[in-house]
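Read the figures in this text as sums done on the coordinates, not as results from a lab. Remember, it's a predicted structure, so these values are computed and weren't measured experimentally. Backbone-built Cβ (ideal geometry, glycine too); neighbour counts: all protein chains shown.
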Amino acid sequence: MPALVETHNLVKIYKAADLEVVALQGLDLYVPQGEMLALVGPSGAGKSTLLNILGGLDVPSAGRCEVAGVDLTRLTSHDRLLYRRRIVGHVWQQTSRNLLSDLSLLDNVLVPMVLAGYPARQRRTRARELLRRVGLADRVDHKPERLSGGEQQRGALAVALANDPPLLLADEPTGELDSATAREVLGLLRDLNRDLGLTTVAVTHDTNVAEAMDRSVAIRDGRTSTEVLHAEAAEETIIIDSVGRLQIPRALLDALPFGGRARVHLSDDHLEIFPAAPGATNGDGGHGMDADASGNGPGGDGTSADDRVIE
Ligand code: ADP
């Protein structure tokens, strides 16, 4: 995959009065097109500084920084403005930074399109389509204060995507949401990533957010330190046909010893599928399958009413 974001030896020095703060000191980062990346690390490490540079809100002091082929070290202030309007979308933690409180949701989505110079004819259709896409078709005339926290963040996503940017930047996008609502918003981010090929860079302290991304990169003292690839990146949507058959992708099937048989267990809001082959274990160690709370492992008697063997 070609790089959407590439920095090399990126340096940012803030100067305040006679003080200098080195916020980034030689940061290297490569984000391929279509990746969902989490930036993690301790407070003061330089995560927001990096996000602000990628967003065209701040100017690098030295080093290389390219986003979608644009060299961010060499932009005039006019080109920087165009960059902000066309190349990036932002979702912040606070609603007040995402949505204008006096405008309806529809008008909020229209603003970036007006600024990016979209033809007037297309704007309304596109704004409604985006709001439908984020599940807010019936909220278009609402002002932000009448929306729930989750709706506000979904609205913020519609606004961020209004100018069709290749890069979405998110700063603690679910920081003010309860965990169920946060999961919904993260699910929507994943859908948008898959459907639109949207590259996403999110700053977060929340391990649930980080794990919902393809990869986490830790920043420490203004440099990238460690990185983790998340297995959840293998999550795929599969089709269940009208008689209940589903096709499990080969790679997932090969990851566990199914041997042509599986045991299915219904949990509150999901199904668990365990290998039912002789001698197979339920493989809950890192494959994303919950342990069978009933204690009926595949080697057990398997008499739970919810359990079925599928072939
Ligand atoms: P993080 O987002 O990881 O918490 P930041 O990027 O906010 O870290 O900050 C990195 C360093 O840069 C910190 O030492 C912070 O105090 C400093 N810093 C950030 N923004 C400014 C600024 N506008 N002026 C001066 N120093 C700043």
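At a glance:
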read-out	value
Low-density loop cleavage sites - GluC sites (Glu not before Pro) in segment 163-222, where at most 15 other Cβ are within 10 Å (DSSP)	Glu176
Cα-Cα pairs of segment 3-238 separated by more than 25 Å (percent)	40 percent
Highest to lowest packing among 37-48, 108-119, scored as the average C-beta count within 10 Å	37-48, 108-119
Table column - 3J(HN,Hα) (Hz), segment 194-202, Karplus curve with 6.51, -1.76, 1.60, x for Gly and Pro	6, 6, 9, x, 6, 7, 10, 10, 10
Peptides ranked, highest mean first, by Cβ atoms within 10 Å: ranges 140-147, 58-65, 168-175	168-175, 58-65, 140-147
Cα centroid separation - segment 94-111 against segment 149-212, whole Å	16 Å
